[in-house]
Amino acid sequence: MAGEAPKNLVFVYGTLKRNHANHFLLEDLISSNDAVHIGQRTTRLQYPLVTGLYGIPYLINKPGSGQKIRGELYSVSKRGLARLDELEGIKVNHYERLQIEVSEEESNGAVLAEAYFAHCRFGERLWEKRGKCGMCEFGQNEGVSYVMVKDRPTFSSFFDEIEAFVSSSNS
């Protein structure tokens, strides 16, 4: 990242965290000097964090609801951010990258970063489907239910599936 413009701070809370299914991407970015791990952080405000279809974790943009979320903070180059955006489906409205304040657990000071939130098309309905009950951290127990993209059915679109999921009466 030497000689590049200012870095983007990115807060990750799900499969991009260490010891989770998609952390390989951040490892690759770190090895190419497109990302640096800064450390553990917690959101300053409470947010809903739930899992959806295929065990995918979603942060919901409803500040003040849910719990303070524990995750990891990275400094990422523009090239690295583009790769994260691709994984998170920014262009296809799976997630949206929004600002969020995070801090170290024992610190009163917060920094402004960005995080990937469930797209507004379905995020709030997913929170309601989960009974407005979320978690404070996507951990190893939740991670085992995550299904990698390559292992998901290919017969329908993700958005048809998520729409059916949030509209169904079962959990």
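The values are calculated or read from the model by the stated rules, or taken from the named source; none is laboratory data. Quantities reported herein were computed from a predicted structural model and do not represent experimental measurements. Note that each Cβ is placed from the backbone with ideal geometry, even for glycine, and that neighbours are counted across all protein chains shown. Note: accessible area is taken over every heavy atom of the protein model, side chains too, but ligands, DNA and RNA are not part of it. Shrake-Rupley method; radii C 1.70, N 1.55, O 1.52, S 1.80 Å.
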Fill in: Index of the failed condition, GLU163 passing every other in (1) over 24 Å from HIS23 (Cβ atoms); (2) acidic (Asp, Glu); (3) without any contact (Cβ under 8 Å) to a residue 24 or more places away in the chain
(3)
Discussion item. Looking for something more than 23 Å from ILE162 (Cα to Cα), of a type outside the set (A, V, I, L, M, F, W, C) and not in a loop (DSSP other than H, G, I, E, B) - is there at least one such residue anywhere in the range 85-98?
Written reply: no
Worksheet item: Looking at (1) open to solvent by 30 Å² or more (accessible area, probe 1.4 Å); (2) assigned to a helix (DSSP H, G or I), can you tell me which one GLU137 breaks?
Response: (2)
Practice prompt. Being modelled with pLDDT of 95 or more, open to solvent by less than 40 Å² (accessible area, probe 1.4 Å) and of a type in the set (A, V, I, L, M, F, W, C) is the filter here, so list the residues in the range 17-55 that pass it.
Written response: LEU25, LEU26, LEU29, ALA35, LEU49, VAL50
Discussion item. Residues to consider are GLU72, GLU101, GLU105; find the one that is within 15 Å of the chain's Cα centre (by Cα) and more than 22 Å from ASP34 (Cβ to Cβ).
Written reply: GLU101
Worksheet, complete the sentence: Counting only residues that are modelled with pLDDT of 85 or more and part of a loop (DSSP other than H, G, I, E, B), the range 106-134 contains a total of 10
Item to complete: May I ask you to say which residue of VAL102, VAL149 is surrounded by fewer than 19 Cβ atoms within 10 Å (Cβ to Cβ) and of a type outside the set (Lys, Arg)?
Response: VAL149
Worksheet item: Quick one: what pairs do we get from the range 110-129, first residue under 20 Å from ILE38 (Cα atoms), second among the polar types (S, T, N, Q) and open to solvent by 10 Å² or more (accessible area, probe 1.4 Å), C-beta under 9 Å, 6+ apart or different chains?
Response: ALA110/SER103; VAL111/SER103; LEU112/GLN99; ALA113/ASN8; ALA113/GLN99; GLU114/ASN8; GLU114/GLN99; ALA115/GLN99
